[in-house]
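First comes the structure, then the notes that go with it.
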Amino acid sequence: MEPSSTDIADIDFDDLTRPVLTDVQRQVLQFTESRHVEFDIAALLAEAVDQAGVGDDLGDTDGFGNRLRAHVAAIEGEQGLTQLTRSSLRQRVVRLLRNRLSLTDLIRRYPEIESIRIEKPFVVVGMPRSGTTHLVNLLAADPRRRALPYWESQDPIPARGQGQGQGQGPDIFGVDPRYTRAKTEHDALMAAAPVVAAMHDRFPEAIEEEVELLDLDLASYVLEWHARVPDWRDYYLGLDQRRHYAYLKKVLQALTFLRGPQTWVLKSPQHCEQLGPLMATFPDATVAFTHRDPVAVIQSTITMMAYSDRLRRTSIDAGWLLDYWSDRVYPLLWACVRDRDIVPPDRSIDIGFHQLNGNEMALLDELYRCSGVAITPKVRGLFQQYLDGNPRGKHGRVRYHLQRHFGSSAEQLRERFDFYFDRFDVRPE
């Protein structure tokens, strides 16, 4: 019998900001710190071209090269990263470039891709740690809808001769090689930092945010989650996101071409501050907004970031994490309050975090009514199956200590977010 969530002990960090590394973690760092990782843009492009095998056309018609230089400069300006992190980010840039090359080639060969309709998507919009992951994975249990599993988000456009769909082939065991790579990386992460599963388990089949696709255009906030890059944050916030969300739609069209259906389930916290571009791109979307006490969002986020920093950074600065993410959550929520009414009330619902604990079926009924789609008995059964198999705290619960670890009280953090509590049904935690 599988253990229930109640059988798994709570996770209580006593070394969050002064980490005591495991043997595996020490070995990983010792191995990776011996070689300095370089970010030469010409070398990055050459590697991507070699991997793609389709030429060097990046489809750069709107300043992609400038964004690439800004992206790399932000990483290079980060002085506290371990070589492990620099290597990971370098691989990520090459991967994004390779996928962009493959996408440009795919659309050149199949121009009908850009005529594919992305029909009436569900979009989940809310802060990290507010229930967005739970809700999007639940919605993805409906087989009539297309979602983005983590393995696909990391390598969305298969290189020639890899992947599945349109002549691309799996390996001899019938497994997409992109899935195999994602599983290998996940297994390595679980060996080095197993408690990550309790905070945000990105296993290969887990449904991921489409901002990973938006980063094929180097136009998302994702880099902020990997490094301390306020310069990139400011650069990203200055971009005209309407054209970048149009690029996101093009990636979704390509993925639909490779593997349907064409009715998508999407989600990202970034949409909170980009509701205008989101709705301009997907005007027939039905949107589920999730809301949670900003204190709970911030303390969960910075605890996860602090734990990750034991491998990502040469030191952990709890004060920096508190200040940065408190200041970052504020404009995300302010923009959400300001622009909430851009989404028509008959095609949107607001969900308090406290409602995602046994009331999901009623919320799904309301959301599907907004979209004009019925929940069939089969789909209802699949929803219940997902809920039964994924109780809250499935991998254990993290115990948070805001004062001890970060030197702040909940009251101090909460006082600046009155505007958010005034607008939505949010309960202090």
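The values are calculated or read from the model by the stated rules, or taken from the named source; none is laboratory data. The structure displayed is predicted, hence computed values, not measured ones. Note that each Cβ is placed from the backbone with ideal geometry, even for glycine, and that neighbours are counted across all protein chains shown.
Observations on the structure shown:
- Per-region count, the stretch 384-409, residues part of a helix (DSSP H, G or I), surrounded by fewer than 18 Cβ atoms within 10 Å (Cβ to Cβ) and not polar (S, T, N, Q): 5
- Inclusion of Asp56 among residues that are in contact (Cβ under 8 Å) with a residue 24 or more places away in the chain, over 26 Å from the mean Cα position of the chain (by Cα) and farther than 22 Å from Ala227 by Cα is warranted.
- Complete set of residues in the stretch 370-383 that are surrounded by 13 or more Cβ atoms within 10 Å (Cβ to Cβ), in a loop (DSSP other than H, G, I, E, B) and touching a helix residue (DSSP H, G or I) at 6+ places or on another chain (Cβ under 8 Å): Ile375
- Residue count, the stretch 355-369 (criterion: buried (at least 16 other Cβ atoms within 10 Å of the Cβ) and not polar (S, T, N, Q)): 6
- Test: Asp317 is of a type in the set (D, E, K, R), farther than 17 Å from His134 by Cα and crowded, with 22+ Cβ neighbours inside 10 Å: no
- Breaking point among (1) more than 27 Å from Ala182 (Cα to Cα); (2) exposed (fewer than 13 other Cβ atoms within 10 Å of the Cβ); (3) at pLDDT 95 or above, for Thr6: (3)
- Counting only residues that are within 18 Å of Asp40 (Cβ to Cβ), acidic (Asp, Glu) and touching a Lys or Arg at 6+ places or on another chain (Cβ under 8 Å), the stretch 59-117 holds 1 of them.
- Pick from the stretch 153-194, criterion part of a helix (DSSP H, G or I) and either hydroxyl-bearing (Ser, Thr, Tyr) or touching a Gly at 6+ places or on another chain (Cβ under 9 Å) (or both), ranking: modelled with the highest pLDDT: Ser153
- For Tyr235, the test of being in contact (Cβ under 8 Å) with a residue 60 or more places away in the chain and in a helix (DSSP H, G or I) is passed.
- The listed residue being farther than 30 Å from His401 by Cα and not polar (S, T, N, Q), out of Leu81, Leu68, Leu21, Leu29: Leu68
- Top-ranked residue in the stretch 59-77 [being touching a residue at least 40 places away in the same chain (Cβ under 8 Å) and assigned to a helix (DSSP H, G or I); ranked as nearest to Leu248 (Cα to Cα)]: Phe64
- Restricted to the stretch 200-230, and to residues there that are more than 25 Å from Ile75 (Cα to Cα) and of a type in the set (A, V, I, L, M), the residue that is modelled with the lowest pLDDT is Ala206.
- Screening Ile298 with (1) in a helix (DSSP H, G or I); (2) modelled with pLDDT under 95; (3) touching a Ser or Thr at 6+ places or on another chain (Cβ under 8 Å) gives one miss only, at (2).
- Of all the criteria given as (1) in a loop (DSSP other than H, G, I, E, B); (2) without any contact (Cβ under 8 Å) to a residue 12 or more places away in the chain; (3) among the hydrophobic types (A, V, I, L, M, F, W, C), the one not satisfied by Ala43 is (1).
- Against the numbered list (1) small (Gly, Ala, Ser); (2) farther than 17 Å from Met127 by Cβ; (3) surrounded by 18 or more Cβ atoms within 10 Å (Cβ to Cβ), Ser220 comes up short only at (2).
Yes/no per residue for (1) over 22 Å from the mean Cα position of the chain (by Cα); (2) under 19 Å from Thr281 (Cβ atoms); (3) at pLDDT 95 or above:
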site: Val49; (1), (2), (3): yes, no, yes
site: Thr61; (1), (2), (3): yes, yes, no
site: Gly65; (1), (2), (3): yes, no, yes
site: Arg69; (1), (2), (3): yes, no, yes
site: Leu89; (1), (2), (3): no, no, yes
site: Arg95; (1), (2), (3): no, no, yes
site: Ile113; (1), (2), (3): yes, yes, yes
site: Lys120; (1), (2), (3): no, yes, yes
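- Residues considered: Leu29, Leu84. Of these, the only one that is surrounded by 13 or more Cβ atoms within 10 Å (Cβ to Cβ) and either over 24 Å from the mean Cα position of the chain (by Cα) or under 20 Å from Tyr236 (Cβ atoms) (or both) is Leu29.
- If you go through the stretch 238-276 and keep only what is touching a strand residue (DSSP E or B) at 6+ places or on another chain (Cβ under 7 Å) and not in a loop (DSSP other than H, G, I, E, B), you end up with Leu252, Thr256, Leu258, Trp264, Val265, Leu266, Lys267, Pro269, His271, Cys272.
- Residue pairs whose Cβ atoms lie under 9 Å apart, sitting 6 or more positions apart in sequence or on different chains, and linking a residue in the stretch 282-308 that is more than 17 Å from Cys336 (Cα to Cα) to a partner that is among the aromatic types (Phe, Trp, Tyr) and assigned to a loop (DSSP other than H, G, I, E, B), are Ala296/Tyr400; Gln299/Tyr400; Ser300/Tyr400; Thr303/Phe13; Thr303/Tyr400; Ala306/Phe13; Tyr307/Phe13.
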